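Written below as structure tokens is the structure these notes are about.
The values are calculated or read from the model by the stated rules, or taken from the named source; none is laboratory data. What you are looking at is a predicted structure, and each value in this text was computed from that prediction instead of being measured. Neighbour counts run over all protein chains shown; Cβ positions are idealised from the backbone, glycine included. These area figures cover heavy atoms from the full protein model, side chains too; ligands, DNA and RNA do not enter into them. Shrake-Rupley method; radii C 1.70, N 1.55, O 1.52, S 1.80 Å.
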Amino acid sequence: MAEELLIATGNKEEKYQQLLPQIKALLEGEKNLIANLANIAAALKQQFDFLWVGFYLIEDNELVLGPFQGPIACTRIQKGKGVCGTCWEKNEPIIVPDVEIFPGHIACSSQSKSEIVLPLYQKNKIIGVLDVDSDLYNSFDATDAKFLRDIIALLD
Ligand code: SME
């Protein structure tokens with residue numbers, strides 16, 4: 001495993017392109033899911049300085065807070081509730097340009113303005129979600145969706 005993450009400059013795509021192989025290297029040889037989720041959250045936080053980046057994992061038919069970087073967050077989310085619970089229920093990525101206009105959005109932090117949530121899979125089965133929050137409106141687009149999906153697909 002690399003000792004240090006190299007922080008890329010350039011546009012968003014260039015940053016993700018340089019981050020992806022580093023995360024791949026970080027996960028190589030480590031089988032523990034929690035350890036790998038923790039390092040993915042840390043690497044994304046270091047590269048992009050997102051307000052909040054982390055995982056919720058399905059346990060007893062609800063989402064339970066997993067490894068994350070950022071301010072404290074709600075610990076449990078029901079299926080179909082908030083952006084995370086909706087992503088889980090629909091089993092598809094959700095981009096929210098303005099959290100105030102997403103019906104049922106769960107505000108863990110009043111600083112959060114936009115959000116992207118993607119399903120997390122292991123062996124083709126959904127096991128949780130990746131949630132990324134920004135303190136700016138309209139932070140996430142198809143580029144984030146593509147690269148974040150590629151990053152968490154490294155775990156599949
Ligand atoms: N906003 C999320 C809740 C999780 S926090 O943002 C960390 C939601 O609506 O599901």
Legend entry - Lone unmet requirement of (1) within 11 Å of the ligand (Cβ to nearest atom); (2) in a strand (DSSP E or B); (3) surrounded by fewer than 18 Cβ atoms within 10 Å (Cβ to Cβ) for residue 72: (2)
Inset, instruction - Give me a count of the residues in segment 28-77 that are more than 14 Å from the chain's Cα centre (by Cα), on the phi > 0 side of the Ramachandran plot and modelled with pLDDT of 95 or more. - result: 2
Inset, instruction - Please work out if residue 110 is at pLDDT 95 or above, farther than 16 Å from residue 57 by Cβ and not β-branched (Val, Ile, Thr). - result: no
Inset, instruction - Please tell me if residue 25 is under 16 Å from the mean Cα position of the chain (by Cα), small (Gly, Ala, Ser) and either under 20 Å from residue 66 (Cβ atoms) or part of a helix (DSSP H, G or I) (or both). - result: no
Inset, instruction - Return only the number of the condition from (1) in contact with a Gly (Cβ under 9 Å, 6 or more places away or on another chain); (2) of a type in the set (A, V, I, L, M, F, W, C); (3) within 17 Å of residue 151 (Cβ to Cβ) that residue 64 does not satisfy. - result: (3)
Inset, instruction - Could you list all residues from segment 29-59 that are in contact (Cβ under 8 Å) with a residue 12 or more places away in the chain and in a strand (DSSP E or B)? - result: 52, 53, 54, 55, 56, 57, 58
Inset, instruction - Collect the residues in segment 137-156 that are of a type in the set (Ser, Thr, Tyr) and assigned to a loop (DSSP other than H, G, I, E, B), keeping them in residue-number order. - result: 137, 139
Legend entry - segment 6-46, residues that are surrounded by 14 or more Cβ atoms within 10 Å (Cβ to Cβ) and of a type in the set (D, E, K, R): 12, 15, 45
Inset, instruction - Scan 114, 139 and give me the residue that is of a type in the set (Gly, Ala, Ser), under 26 Å from residue 17 (Cβ atoms) and in contact with a helix residue (DSSP H, G or I) (Cβ under 7 Å, 6 or more places away or on another chain). - result: 114
Inset, instruction - Please specify each residue of segment 95-136 satisfying the condition of being in a strand (DSSP E or B) and either of a type in the set (Ser, Thr, Tyr) or open to solvent by 20 Å² or more (accessible area, probe 1.4 Å) (or both). - result: 95, 114, 121, 122, 125, 126, 127, 134
